[in-house]
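Here's the structure, in structure tokens; my notes come after.
No value in this document is a laboratory result; all are computed from the given coordinates. Just so we're clear, the structure is a prediction, and the values are computed from it rather than from any experiment. Because the Cβ atoms are built from the backbone with ideal geometry, glycine has one as well, and the counts that use them run over all protein chains shown.
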Amino acid sequence: MKSSSLLDTDIEFAELYQRHADMVYRLCYIYLKNPVDVEDAVQSVFLKLINTPRFFNDHEHEKAWLTVTTRNYCKDILKHWWRTRRVALERLPEAVTWNGFEPSGKVVSKLLSLPEKYKTVLYLYYFEEYTVKEIAKMLGCKESTIQTQLFRGRKRLKIDLGGDYIED
């Protein structure tokens, strides 16, 4: 496939957005766990794409670039001084309890509670259907490291779910 500029037309950008917006949103939610922060992050990732036009060989190249960019953006947000110095709404006295977005299903909520290294590889492997080799390349790790994290993540997830879920 011939390389083409991402921003040749507004229609091409709209098509790219439609193809990948859900994936970027879900990945942001895995990291940030707050719908408002997630929406800001999704917007920022796509603004980065608009402001610095990229050349992609195919849809998989687009998806890989967006995955890595989203991951890096979310990690930067999590390191920001503002996030380390604010108090969760639930900790405030007399706070109204509302969690905003309820993850669908027990498995997803337990996945979100895993440490970052496990939830990221499990998400990329099962939800985005990347291979171990592709995940290793994206995250800059060895394939054996990804396999170990998948194994340990599955094990922790199974324990968190009470051990009553059957692995496929």
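Structure above, values below:
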read-out	value
Neighbour net charge for residue 20 - beta-carbon separation under 12 angstrom, K R +1, D E -1	-2
Shape parameters for segment 105-155, alpha-carbon atoms, Rg then Dmax in Å	10.3, 31
Cut-off 12 Å between beta-carbons: net charge of the residues surrounding residue 132, Lys and Arg +1, Asp and Glu -1	0
5 angstrom amide H check on residue 56, placed H, neighbours 5+ away	4, 6
